[in-house]
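Chemist: If you scroll down you'll find the structure; I have some questions about it.
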Amino acid sequence: MYQVGNLVKELSARHGRDRASLMPILQGIVEKHNYLTDEAMVEVARELDISAAEVYGTASFYTFLDTVPRGKYVIRVCKTISCSMKGKGEIISTLENILKIRIGQTTSDKQFTLLETNCIGWCHKAPAILINDMPYTELTEEKVIEIIKSYMHK
Amino acid sequence: MKNVGLNKLDYIFEKINIREVLEKTYKLPNDKIIKEILDSGLKGRGGAGFPTGMKWKFTAEQKDPDKYIVCNADEGEPGTFKDRELLDRVPYKVYGGMVVAGKAIGAKNGIIYLRGEYRYMLPGLLKELDEFMKIIREIGYEFTIEFRMGSGAYICGEESALFESIEGKRGEPRNKPPYPTVSGVYGKPTSINNVETLVTAILVMRIGAAAYNQLGTKDSRGSKVFSISGDTPIPGIYELELGMTVQEFVNGFGDGDTKAVQVGGASGFCVPRKKFAETIIGFEGVPTGGSMKLFNSSRSMYNVLHNYLDFFVEESCGQCTPCRVGCQQLLKGVQKVKKGEAKSAYLNDLVKLADTMKVASKCGLGQSVGNAFRSIVENFREEIIY
């Protein structure tokens, strides 16, 4: 849980308060806090003068606008065909072992969430993952461990 | 018929002086620009292949003075990564294509809808955009370009779903008509073009329709950027002439053991080895937005089909029943056949269901699930059953 504070006000001052501003505002909150709380969505609804159901309805449509708690670093492993053919399974096992969580879970220190995702556009450099916005490609077990360790020390 | 063979080209990524092209088009009458694009025979590079010149012409004919150019950079088709590469290497051509299209149709505003998975590129693209805006202001163009981000929804690559998303709503496709050229984003006349289409428009304006026409075949003019992945020793981005056969393609990119090529991604067609020689890559054969995936004989086509169906089950927006329920039933159906819980003849019923989805689904997603389904089930039936 986090406090939205002035973030919704700041974002709506920047993007505007019409309906078309909804996505950039929700994206801005996720960028900062990694997921949307009920409080945050109600606050957005109030600011844009639309119903909270509209805000939730929109947010829940989009995979990257999470409405359940997520860690500071959201790892999305591409599971579509090329990555699946080129060792996605091993990448997931490696991540599960090092983070000691399963797909869909968040580490107890709230640092990492491990998810699968559909094609992220790196088929020629499979297997690939996203950590928040950053893509990592042509992964091997060693490379994955190195990358995760660098995030652990951030 | 002209046989183009496997010709590696370098028009699309070639470094050019964008100012020169834009200065030239600035002086041209709008109908001249549209005529040049019409004459070039350029068809949309996102996959659907609608003639770009027609799209511009229809939008230009609208009386509403408030029009939009939208660049569709919501590249989500499995196996496609060319738009990312284009935005990375020649963003000024994408911006330039929008400016030219804007002038041709009489639009002052452009929006680039970039998929959330490419969010990491945004700072660099904005920096590049600043430089670009200086150039067009000096020439005299009045045009704005803004970025809008997606948030992980394949369906938003469908034009009307993309408009809904820009408008801050769920990305659910609209009924058509009205088409975007009449009522697009914010209900205004809109020309929505794929990243590569806009880049190609710059190429046409630079070398002229006549020169562009020398490339490709009658039905598939020009060159095309291909995203090549799967079982190939040389995966990556290649610019090739349209009109080659799958056999020629496999000779150039296969690993010597290619048993199937999926042309056009999960929503495209699976071409088996026995049909390589007779199948042309282009609008007269199998069309593609550029996604080419090679599978060698170590791959189970059941796993490939299962992976695609999984994808569609998750990415169907759920708005219309044929697509929402159809995707789920196709997946359950092939699982049952594989486990022996249903007879192999059940596959025929599933193909009928896929055909029904083609006519009954509201948008291109549900309409094209049957492409991969039918072509994999028909050509690799024994792999699905046993």
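The values are calculated or read from the model by the stated rules, or taken from the named source; none is laboratory data. Everything quoted here is computed from the prediction, not taken from an experiment. Here the Cβ positions follow ideal geometry from the backbone for every residue, glycine too, while neighbour counts run over all protein chains shown.
Chemist: Do we find that A:ASP133 is more than 9 Å from chain B (Cβ to nearest Cβ) and among the charged types (D, E, K, R) in this structure?
Modeler: Considered against the rule, which asks whether it is more than 9 Å from chain B (Cβ to nearest Cβ) and among the charged types (D, E, K, R), A:ASP133 comes out as no.
Chemist: Tell me, which residue of the stretch A:100-154 that is small (Gly, Ala, Ser) and within 23 Å of A:ASP66 (Cα to Cα) is surrounded by the most Cβ atoms within 10 Å (Cβ to Cβ)?
Modeler: Ranking the qualifying residues of the stretch A:100-154, first place goes to A:ALA128.
This table checks each residue for (1) among the small types (Gly, Ala, Ser); (2) over 19 Å from the mean Cα position of the chain (by Cα).
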{"site": "B:LYS15", "(1), (2)": "no, yes"}
{"site": "B:GLY41", "(1), (2)": "yes, no"}
{"site": "B:PHE58", "(1), (2)": "no, yes"}
{"site": "B:ASP66", "(1), (2)": "no, yes"}
{"site": "B:TYR113", "(1), (2)": "no, no"}
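Chemist: Give the residues of the stretch B:214-237 that are within 14 Å of chain A (Cβ to nearest Cβ) and on the phi < 0 side of the Ramachandran plot, sorted by residue number. Can you show your working first?
Modeler: Within the stretch B:214-237, the first condition is being within 14 Å of chain A (Cβ to nearest Cβ), and the residues that meet it are B:225-237.
Scanning the stretch B:214-237 gives B:VAL225, B:PHE226, B:SER227, B:ILE228, B:SER229, B:ASP231, B:THR232, B:PRO233, B:ILE234, B:PRO235, B:ILE237.
Chemist: Among the residues of the stretch B:161-178, write down those that are of a type in the set (S, T, N, Q) and surrounded by fewer than 24 Cβ atoms within 10 Å (Cβ to Cβ).
Modeler: If the condition is that a residue be of a type in the set (S, T, N, Q) and surrounded by fewer than 24 Cβ atoms within 10 Å (Cβ to Cβ), then B:ASN175 is the only one that fits.
Chemist: Of these, B:TYR186, B:TYR154, which one is within 30 Å of A:ILE50 (Cα to Cα), touching a residue at least 60 places away in the same chain (Cβ under 8 Å), within 14 Å of chain A (Cβ to nearest Cβ) and in contact with a Gly (Cβ under 9 Å, 6 or more places away or on another chain)?
Modeler: Residue meeting the stated conditions: B:TYR154.
Chemist: Based on this model, can you work out whether B:LEU309 counts as within 14 Å of chain A (Cβ to nearest Cβ), among the aliphatic types (A, V, I, L, M) and farther than 17 Å from B:ALA48 by Cα?
Modeler: In short, yes.
Chemist: Among the numbered criteria (1) of a type outside the set (Ser, Thr, Tyr); (2) within 14 Å of chain B (Cβ to nearest Cβ); (3) more than 22 Å from B:VAL304 (Cα to Cα); (4) under 20 Å from the mean Cα position of the chain (by Cα), which single criterion is violated by A:MET152?
Modeler: Unmet condition: (2).
Chemist: Let me ask something else about it. Read through the list (1) away from every other protein chain (no Cβ under 14 Å); (2) modelled with pLDDT of 95 or more, then give the number of the only condition that B:ILE281 fails.
Modeler: (2)
Chemist: So, one more: So which residues in the stretch A:44-57 are in contact (Cβ under 8 Å) with a residue 12 or more places away in the chain and in contact with a Ser or Thr (Cβ under 9 Å, 6 or more places away or on another chain)?
Modeler: Across the stretch A:44-57, the qualifying residues are A:VAL44, A:GLU47, A:LEU48, A:TYR56.
Chemist: Would you confirm whether any residue within the stretch A:79-97 is among the hydrophobic types (A, V, I, L, M, F, W, C) and surrounded by fewer than 22 Cβ atoms within 10 Å (Cβ to Cβ)? Give the derivation first.
Modeler: Keep residues of the stretch A:79-97 that are among the hydrophobic types (A, V, I, L, M, F, W, C), which gives A:81, A:83, A:85, A:91-92, A:95.
With the extra rule that they be surrounded by fewer than 22 Cβ atoms within 10 Å (Cβ to Cβ), the set shrinks to A:92.
Looking for residues that are among the hydrophobic types (A, V, I, L, M, F, W, C) and surrounded by fewer than 22 Cβ atoms within 10 Å (Cβ to Cβ), one finds at least one in the stretch A:79-97, hence yes.
Chemist: Would you check which residues across the stretch B:124-141 are closer than 18 Å to B:VAL21 by Cα and in contact with a helix residue (DSSP H, G or I) (Cβ under 9 Å, 6 or more places away or on another chain) and list them?
Modeler: B:GLU128, B:LEU129, B:GLU131, B:PHE132, B:MET133, B:ILE135, B:ILE136, B:GLU138, B:ILE139, B:GLY140, B:TYR141
Chemist: Would a scan of the stretch B:196-213 turn up a residue that is within 14 Å of chain A (Cβ to nearest Cβ) and buried (at least 21 other Cβ atoms within 10 Å of the Cβ)?
Modeler: yes
Chemist: A further question on this structure: Take residues that are of a type in the set (Asp, Glu) and tell me which of the helices (runs of 4 or more DSSP H) falling wholly in the stretch A:1-93 contain 2 or more.
Modeler: So the answer is A:38-48.
Chemist: Taking the stated definitions as given, is B:SER223 surrounded by 19 or more Cβ atoms within 10 Å (Cβ to Cβ) and more than 30 Å from B:ASN303 (Cβ to Cβ)?
Modeler: Yes; evaluated as a whole, the condition is true for this residue.
Chemist: Next question, about the same structure. Restricting attention to the stretch B:256-279, and to residues there that are among the hydrophobic types (A, V, I, L, M, F, W, C) and without any contact (Cβ under 8 Å) to a residue 60 or more places away in the chain, which single residue is nearest to B:VAL304 (Cα to Cα)? Outline the logic, then answer.
Modeler: Step one: of the stretch B:256-279, the residues among the hydrophobic types (A, V, I, L, M, F, W, C) are B:260-261, B:263, B:266, B:269-271, B:276-277.
Next, from what is left, pick out any that are without any contact (Cβ under 8 Å) to a residue 60 or more places away in the chain: B:261, B:263, B:276-277.
On the way: B:VAL261: 11, B:VAL263: 13, B:PHE276: 19, B:ALA277: 23 Å.
Only one residue fits best here, namely B:VAL261.
Chemist: Which ones in the stretch A:121-154 are in a loop (DSSP other than H, G, I, E, B), in contact with a Leu (Cβ under 8 Å, 6 or more places away or on another chain) and under 21 Å from B:LEU122 (Cα atoms)?
Modeler: A:ALA128
Chemist: So which residues in the stretch A:5-33 are surrounded by fewer than 17 Cβ atoms within 10 Å (Cβ to Cβ) and more than 12 Å from chain B (Cβ to nearest Cβ), if there are any at all?
Modeler: Passing the criteria: A:GLY5, A:ASN6, A:LYS9, A:GLU10, A:ALA13, A:ARG14, A:LYS32.
Chemist: I'm trying to understand the selection: among the residues of the stretch A:48-65, which are at the interface with another protein chain (Cβ under 10 Å from one of its Cβ atoms) and not hydroxyl-bearing (Ser, Thr, Tyr)?
Modeler: Residues satisfying the conditions are A:LEU48, A:ILE50, A:GLU54, A:VAL55, A:GLY57, A:ALA59, A:PHE61, A:PHE64, A:LEU65.
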